[in-house]
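Engineer: Let me begin by handing over the structure; questions about it come next.
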Amino acid sequence: MSEDFRTAAHRAADLVSDYLAAVPAAPVWQPMPTAAREALLTLPLPTEGTPLPELLATVEQQILTAPMGNGHPRFFGWVNSAPAPAGVLATLAAAAMNPSSAGGDHADVHLERATVRWIAELVGFPATAPAGGILTSGTSMATILCVAAARHRAAARLGHDLRADGLAGLPPFTAYATAETHSCVRKAVELLGLGSRHLRTVATTPDGLLDPAALAEAVAADRAAGLHPFLVVASAGTVGTGAVDAFDPLADLCAAEGLWLHVDGAYGAFGVLDEAVAEQYAGMDRADSLALDPHKWLGVPVDCGCALVRDAAALRAAFSLVPSYLRDESADGFGWFSEYGMEQTRPFRALKVWATIAHRGRAGIAADIATCTALARRLGELVQAEPALELLAPVRTSIVAFRVRAESETAAAAAAADALNRALPATVQQRGNVFVTGAVYEGKELLRACLLNAATTEQDLKLLVTEVLAAADDLRGRRVES
Ligand SMILES: *Cc1c(COP(=O)(O)O)cnc(C)c1O
């Protein structure tokens, strides 16, 4: 241990504490000055070592000065949350231990099993054996694992050894999702060799939810055409509007048709903890798998996703490959985490999950989530009260989809409004007072505010509205001038 580690560690703690304390009064985000950006891009590889205090000085001057903005109570962009303080502290201890959570008998692997169970309990997913799960880098990776398990099970039911023979000889496997489904599902389908052509886009109901009748028709049509339906992907919190699909009819259909029901709850699954919106989540516990992100609504520092699987054996069957040097000697037969996914050496994610959940407790987390959904509904009201703005979807969880209205009903005005709304996020962001991002929903450019930070206030929401209107004026003014 180098003699100056303790001093540097204290200094690091101060730096981080000062940084976090200063966030709310600082601009949410600012473009990096060209020189600062260049300085990072062109950093030379040092030949000689640099002492710890100098490294900390660089962190203070060149890194902490240029944040993404997501720690700020007026950051409404994407679905990136502020870090939970207990989680921040946990990362230091986790790095100090630096285990590989692949398997073995040390604290991290047992804590991971406990925290996966906690996550399952929080969202009401069956947590008793044989259900299980694994922490991942995020929902994108969790989705790959779940789709792989679904694919493996479907092949096995056809008497096909997918792991030995690959997809050759199988009928095309088809999966079903909606246009609102996150792109990670398509990535997983493509990566697993199923072909995005076989990922059907199922129609939604007028309120934007996966339409069970349209799903049943699509499945029947594919069966009639000799294809092999195997997977339905529903969402607990869509990217665009935070909508939660009606799970019960989907679970009924999947049970009747022998399909794997996967739920993407990356951002929204934890919404089930809020009594005001919990009803929408009925039937989520009937899914075969649920992918979700503690690094979103729980504020666990990035990265941390989680795959929960009703039948852990299905996950293990898809991935377990135990070389002689990794044989499991544990008593309860769980084996190694590396048998349940792609990664061998795995980071100690569980400590920050444990710290984050334990610090707030179930009640504290539920209260934070309820605060966020109440803020989202309030923002929806503010948008509706503002004649220049329109709300594009009912506020269901904590995403508010809205836009600046077209100035008239003409096609030209509609096109101008689309161009304006498309340009708005960058203009709002540059102003530094709030941060919001855009998306396209039902063919319209819109702003999409995500409420994930319980420290956000009603004043912050009002400022968001004011800033959007001011940025719109700004853009219109510029357009007139040019
Ligand atoms: C963020 C998100 C994902 C992707 O998760 P990562 O953690 O970024 O890999 C998938 N689905 C939804 C609904 C999301 O919000």
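Engineer: Beta carbons within 10 angstrom, averaged per residue: use that to sort the peptides 254-260, 232-238, 14-20, highest first.
Structural biologist: 232-238, 254-260, 14-20
Engineer: Apply the Karplus curve 6.51 cos²θ - 1.76 cosθ + 1.60, θ = phi - 60°, to the phi angles in the stretch 242-256 and return the couplings in whole Hz, x for Gly and Pro.
Structural biologist: Going residue by residue, I get x, 6, 10, 5, 7, 6, 4, x, 6, 5, 4, 5, 5, 5, 5 Hz, with x marking Gly and Pro.
Engineer: At 10 °C and 1.306 mPa s, what whole-number value in µm²/s does Stokes-Einstein give for the translational diffusion of the chain, with Rh from the Kirkwood sum over Cα pairs?
Structural biologist: Stokes-Einstein gives a translational diffusion coefficient of 66 µm²/s.
Engineer: If you stretched the chain out fully between residue 422 and residue 114, how much longer would it get, using 0.36 nm times the residue separation minus the C-alpha to C-alpha distance?
Structural biologist: Net length gain for the segment: 106.5 nm.
Engineer: Right, something else. Starting at the first residue of the stretch 210-226, write each ³J(HN,Hα) from the Karplus equation 6.51 cos²θ - 1.76 cosθ + 1.60 with θ = phi - 60°, in whole Hz, x for Gly and Pro.
Structural biologist: So the Karplus estimates, Gly and Pro as x, are 3, 8, x, 5, 5, 5, 4, 5, 5, 5, 5, 5, 5, 4, 4, 8, x Hz.
Engineer: Using a ≥ b ≥ c from the Cα gyration tensor of the stretch 92-356 (square roots of the eigenvalues), is it rounded, prolate or oblate, where a/c under 1.5 gives rounded and otherwise the larger of a/b and b/c decides, a/b for prolate?
Structural biologist: oblate
Engineer: Tell me, in nm to one decimal, what length is gained between residue 320 and residue 410 on full extension, where the rule is 0.36 nm per residue of separation less the Cα-Cα distance?
Structural biologist: Here the answer is 26.4 nm.
Engineer: In whole Hz and in residue order, list the ³J(HN,Hα) couplings for the stretch 22-35 that follow from phi through the Karplus curve 6.51 cos²θ - 1.76 cosθ + 1.60, θ = phi - 60°; x for Gly and Pro.
Structural biologist: Result, rounded to whole Hz: 8, 3, x, 8, 7, x, 4, 7, 9, x, 6, x, 3, 5.
Readers should treat all values here as calculations from the given coordinates under stated rules, not as data from a laboratory. These figures come from a predicted structure and were not determined experimentally. As a convention, Cβ positions derive from the backbone with ideal geometry for all residues, glycine included, and neighbour counts pool all protein chains shown.
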